[in-house]
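The values are calculated or read from the model by the stated rules, or taken from the named source; none is laboratory data. Everything quoted here is computed from the prediction, not taken from an experiment. Positions of Cβ are generated from backbone atoms using ideal geometry, with glycine treated the same way; all protein chains shown enter the neighbour counts.
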Amino acid sequence: MTDLHLPNSQLPDLHLPELDADCSRCAALCCVAYPFAETEDFAILKDTDTPCPNLSETCFDCRIHQGLSQQGFGGCVAYSCAGAGQRVTQHLFDGETWRDDPDLLQHMTHALRVVRPIHEALLILREALLLPLPDPVRQHCAGLINTLAVADATSIWDFEEGEVQDALASVPEFVATLAPYVAHRR
Ligand code: SF4
């Protein structure tokens, strides 16, 4: 968790999870979890919960990492898990991987699909706190962050709680209310 010290002393410090991807502490979950449609972003078709054929068979490295765009995998370059991959692998599965135990595969990929949108929302809300927000709006934003951070999570069920999912669902509407403050900053 990263402490976010806010300029408004009336707000508690927020404890954010890591929101930058660290593939070295992940089990290549993004290379397994998501399907590929054959488009300009992905050169092949791939099903959900299927390891990409470009993934090394002995480790979690991409065999074409240096030439992703040139070989038709620009979608991989554009993708970020916002830190969800290492959180799922290290915190929710204690560093175990689907290679160690294939029965974990679908549990880990499901967890990635649940945690990633929450971390993406946290990235947006962290940016929002840099805007010149009135105190009530700032408080609301901080409340959403604290709910979505799920700081004491021990299993994926903690992220699937109604309170967390309701907060996640409310983020687009909240962000839409911030337009006047974005304009003010310009
Ligand atoms: S091309 Fe490489 S980075 Fe993209 S999904 Fe496959 S293994 Fe992962």
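The table that follows gives values for the structure above.
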{"item": "Condition met for Leu105 (touching a Phe, Trp or Tyr at 6+ places or on another chain (Cβ under 7 Å) and in a helix (DSSP H, G or I))", "result": "yes"}
{"item": "In the stretch 1-24, the residues that are surrounded by fewer than 16 Cβ atoms within 10 Å (Cβ to Cβ) and at pLDDT 95 or above", "result": "Asp20, Asp22, Ser24"}
{"item": "So Trp157, is it in a loop (DSSP other than H, G, I, E, B) and at pLDDT 95 or above", "result": "no"}
{"item": "Residue within the stretch 132-140 that is more than 16 Å from the ligand (Cβ to nearest atom), within 23 Å of Tyr181 (Cβ to Cβ), surrounded by fewer than 18 Cβ atoms within 10 Å (Cβ to Cβ) and of a type in the set (Lys, Arg) present", "result": "no"}
{"item": "Gln86 being under 19 Å from Thr39 (Cα atoms), more than 11 Å from the ligand (Cβ to nearest atom) and not aliphatic (A, V, I, L, M)", "result": "no"}
{"item": "Any hit, the stretch 160-173, residues being surrounded by fewer than 17 Cβ atoms within 10 Å (Cβ to Cβ), farther than 26 Å from His107 by Cα, touching a Pro at 6+ places or on another chain (Cβ under 8 Å) and not β-branched (Val, Ile, Thr)", "result": "no"}
